[in-house]
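K.L.:
The following block contains the structure, expressed as structure tokens.
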Amino acid sequence: MFDSRHIRTFHEVVSTGSYSAAARSLGYTQPAITQQMKALERTVGVPLFTRAGRGLRLTEAGEALARHAEVILGDLRAAQQQLGALARLRAGRVRVCAFPSANATLIPAAMARLLAEHPGVRVELLEAEPPESVQRLLRGECDIALAFHYPGAPAEVPPELVETPLMEDQLTVLLPVGHPLARRHAVRLTDLAEERWIAGCPRCRANLLQVCAAQGFAPDVVFTTDDNLAVQSLVAAGVGIALMPALVLSFMCHRKVTGRLAEPHVRRKVSAYVLREHLRIPATTLVLNELRAAAAARVGC
């Protein structure tokens, strides 16, 4: 294995034509240059120089190494520049996996600030509902995962992950605009016991069943879909009503549906997850901070 210091010194000896000139250029003593070249020759296994009068001549092995030395040093310089840019947050790639309503709300706000301040950072956006988003993080398919969980079903965070709470997302009842209860500011779930319901993703459906059971009834779920636009269209068409997070309604609201606060209040907790060792990566920490700021801005609205 070559020592990069020896390659640099060898390149300088070749460029200047002598050990003494290389020593002056590099700020070394001539014996230090001699020792480094002897060490490099031991690594190579053959002589790299022969004497030619008072100067040096490259052997065949020396000529071969000289051809590669410039490329090796160029690659090292490029690597140093790239790593320096990453450390100074001028560059980097971060893969974020989030659920649909976060992708449509938190992510755009965070990315707008990120790209304005650090245009060299690139974000790759993936989509998955929890717990799949967290599983993708554990499999190394993303760097940050956004997920949510409901009261009564706390998230189980593997020890290798760090959870960063972002916000609590209020749930609302989605009704057709002509519904008798649409005039109210808030709607008691017990007043909806006889309604037909549209359920969302498996985690959201489980929460709907649990919340309704706590109010003494089992919802009549007639349709299930994790497509937020489809849920709103089904409600507008009178197929049923739905329990949806406020994040969803903030970016997409059918003109024939309306959202009303659910009583009792139900909130889901939204968090970001990252592998513990990735917190040392500047670009990942930066994206995490921007997500936190975007969530705080929404809570303050």
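Read-outs throughout are calculated quantities, based only on the coordinates presented, and are distinct from any laboratory measurement. This one's a predicted model, so the numbers in the text were calculated from it and none came from an experiment. When we count neighbours, we look across all protein chains shown, and the Cβ atoms used for this are built from the backbone with ideal geometry, even at glycine.
K.L.:
If the chain between residue 122 and residue 296 were fully stretched, how many nm would it gain, using 0.36 nm times the residue separation less the Cα-Cα distance?
P.N.:
60.4 nm
K.L.:
Build a GNM of the chain with springs between Cα atoms under 10 Å: which of 65, 279, 106 gets the top mean-square fluctuation?
P.N.:
65
K.L.:
When 269, 256 are ordered from fewest to most other Cβ atoms inside 10 Å of their Cβ, what list results?
P.N.:
Fewest-to-most Cβ neighbours within 10 Å comes out as 256, 269.
K.L.:
Could you work out which residue, out of 230, 39, 104, moves most in a Gaussian network model of the chain, that is, has the largest mean-square fluctuation with Cα springs under 10 Å?
P.N.:
39
K.L.:
Could you work out the mean projected area of the convex hull around the alpha carbons of the range 1-79, in square nanometres to one decimal?
P.N.:
Working: hull surface 20.0 nm².
For the Cα atoms of the range 1-79, the hull's average projected area reads 5.0 nm².
K.L.:
Where nothing but the Cβ of Lys and Arg (+1) and of Asp and Glu (-1) is charged, how large is the charge dipole of the range 255-301 around its Cα centre, in debye to the nearest 20?
P.N.:
Taking the Cα centre of the range 255-301 as origin, the dipole is about 280 debye.
K.L.:
Is any helix in the chain, taking whole DSSP H runs, at least 27 angstrom long along its axis by alpha carbon and on average at least 0.0 on the Kyte-Doolittle scale, and which ones?
P.N.:
Helices meeting the criterion: 60-87.
K.L.:
Any idea which of 162, 37, 242 is furthest toward the positive side of the dipole for the chain, if Lys and Arg beta-carbons carry +1 and Asp and Glu beta-carbons -1?
P.N.:
In the chain, that residue is 37.
K.L.:
In debye to the nearest 20, how big a dipole does the chain give about its Cα centre with +1 on each Lys and Arg Cβ and -1 on each Asp and Glu Cβ? Present the calculation step by step, with values, prior to reporting the outcome.
P.N.:
Working: 34 positive and 28 negative charges, 207 e Å.
About 1000 debye.
K.L.:
Moving to a separate point now. Arrange the following residues from fewest to most other Cβ atoms within 10 Å of their Cβ: 190, 9, 172.
P.N.:
Least crowded to most crowded, the residues run 190, 172, 9.
K.L.:
So what's the Cα pair-distance distribution over the chain, bin width 10 Å, in %?
P.N.:
6, 21, 20, 13, 11, 9, 7, 7, 5, 1, 0
K.L.:
Among residues other than residue 220 whose Cβ falls under 11 Å from its Cβ, what is the net charge (Lys/Arg +1, Asp/Glu -1)?
P.N.:
-1
K.L.:
Would you mind ranking 257, 287 so that the residue whose beta carbon has the fewest other beta carbons within 10 Å leads the list?
P.N.:
Ordered from fewest to most neighbouring Cβ atoms within 10 Å, 257, 287 come out as 257, 287.
K.L.:
Can you give the FRET efficiency to the nearest 0.05 for residue 279 and residue 109, using r as the Cβ-Cβ distance and R₀ = 25 Å?
P.N.:
Details: r = 22 Å, r/R0 = 0.88.
The calculated FRET efficiency here is 0.70.
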